[in-house]
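Peer 1: Shown below is the structure under consideration.
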Amino acid sequence: MEYSTDRARVDWNEAAIVFERAPLGKNKRNPEKLRRAFEASDAVVFVFDSPKLVGLGRALSDGEYQAAVYDVVLLPEYQGKGMGKEIMRRLCEQLPVDNIILYAVPGREGFYEKCGFRRMRTAMAVLNPFMSDPDSGYLE
């Protein structure tokens, strides 16, 4: 496996397929929007099984106080081998802040707990229609 932060190596159509195959939710990702989101992110990690893209993640940060991790995905056949934890470790290593938050896909909270994250009591959000649906599992 090769871990990279080089956005130029990524085929964004391939990245959209990783999102579709990984259990991140039902929202399909537009390759061009994915490219723009990752290019605008402060921290990125891509995982390649030469030359195939098998996982990726990104984070935003104000560089002083706060950061948020988004879009950590890994193809199902690569899960359970420590690669997701390595994506998280490398993302957090790039963030020069003490407070890092994230969304967890319902049912995947345990993975993030293993990465050192803790559940919050006070998180609030205005969410897209999919995540706002009472059956999505994102809201109380």
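Peer 1: Show me the GluC sites (Glu not before Pro) within segment 1-99 that DSSP assigns to loop and that have at most 13 other Cβ atoms within 10 Å of their Cβ.
Peer 2: 64
Peer 1: Kindly report, to the nearest 10 Å², the accessible surface of residue 29 as traced by a 1.4 Å probe over protein heavy atoms only.
Peer 2: 80 Å²
Peer 1: For residue 81, tell me the accessible area in Å² from a 1.4 Å probe, rounded to the nearest 10.
Peer 2: 130 Å²
Peer 1: Report the full-extension gain for the segment residue 64 to residue 36: residue separation times 0.36 nm, less the Cα-Cα distance, to one decimal in nm.
Peer 2: 7.8 nm
Peer 1: Along the charge dipole of the chain, pointing to its positive end and built from +1/-1 on Cβ of Lys, Arg, Asp and Glu, which listed residue (124, 15, 137) has its Cα farthest out?
Peer 2: Going by the charge dipole, the pick is 137.
Peer 1: Which of 51, 76, 31 moves most in a GNM of the chain, Cα contacts under 10 Å?
Peer 2: Of 51, 76, 31, the Gaussian network model singles out 51 as fluctuating most.
Peer 1: Any idea what the dipole of the chain comes to, in debye rounded to 20, about its Cα centre with Lys/Arg Cβ at +1 and Asp/Glu Cβ at -1?
Peer 2: Dipole of the chain, to the nearest 20 debye: 220 debye.
Peer 1: What is the spin-label model distance, in nm, from residue 17 to residue 136 if the labels are put 7 Å beyond Cα along the C-beta direction?
Peer 2: 2.7 nm
Peer 1: Normalised by the residues of the chain, what does the relative contact order come to in percent, with Cα pairs under 8 Å and at least six apart?
Peer 2: 19 percent
Peer 1: State the three equivalent ellipsoid semi-axes of segment 1-50, derived from the C-alpha gyration tensor as the square roots of 5 times its eigenvalues, in descending order and whole Å.
Peer 2: 17, 14, 10
Peer 1: Applying 1/(1 + (r/R0)^6) with R0 = 25 Å to the Cβ-Cβ distance of residue 81 and residue 127, what FRET efficiency is obtained, to the nearest 0.05?
Peer 2: Efficiency, from the Cβ-Cβ distance: 0.20.
Peer 1: Mind scanning 52/81; 52/114; 28/52 and naming the pairs with a C-alpha gap bigger than 23 Å?
Peer 2: Flagged as over cut-off: 52/114.
Peer 1: Which residue fluctuates the most in the chain, going by a Gaussian network model with Cα springs under 10 Å, if the choices are 57, 84, 110?
Peer 2: Looking only at 57, 84, 110, the biggest GNM fluctuation is shown by 110.
Peer 1: Among bridges DSSP assigns within the chain, what percent are antiparallel (round to 5)?
Peer 2: In the chain, DSSP labels about 80 percent of beta bridges as antiparallel.
Peer 1: Okay, next question. What's the extension gain from residue 8 to residue 114 if we count 0.36 nm per residue and subtract their Cα-Cα distance?
Peer 2: 35.1 nm
The values are calculated or read from the model by the stated rules, or taken from the named source; none is laboratory data. Given the structure is predicted, the values throughout are model-derived calculations rather than measurements. We place every Cβ from the backbone using ideal geometry, glycine too, and count neighbours over all the protein chains shown. Heads up: the accessible areas ignore ligands, DNA and RNA and are worked out on the full protein's heavy atoms, side chains in. Shrake-Rupley method; radii C 1.70, N 1.55, O 1.52, S 1.80 Å.
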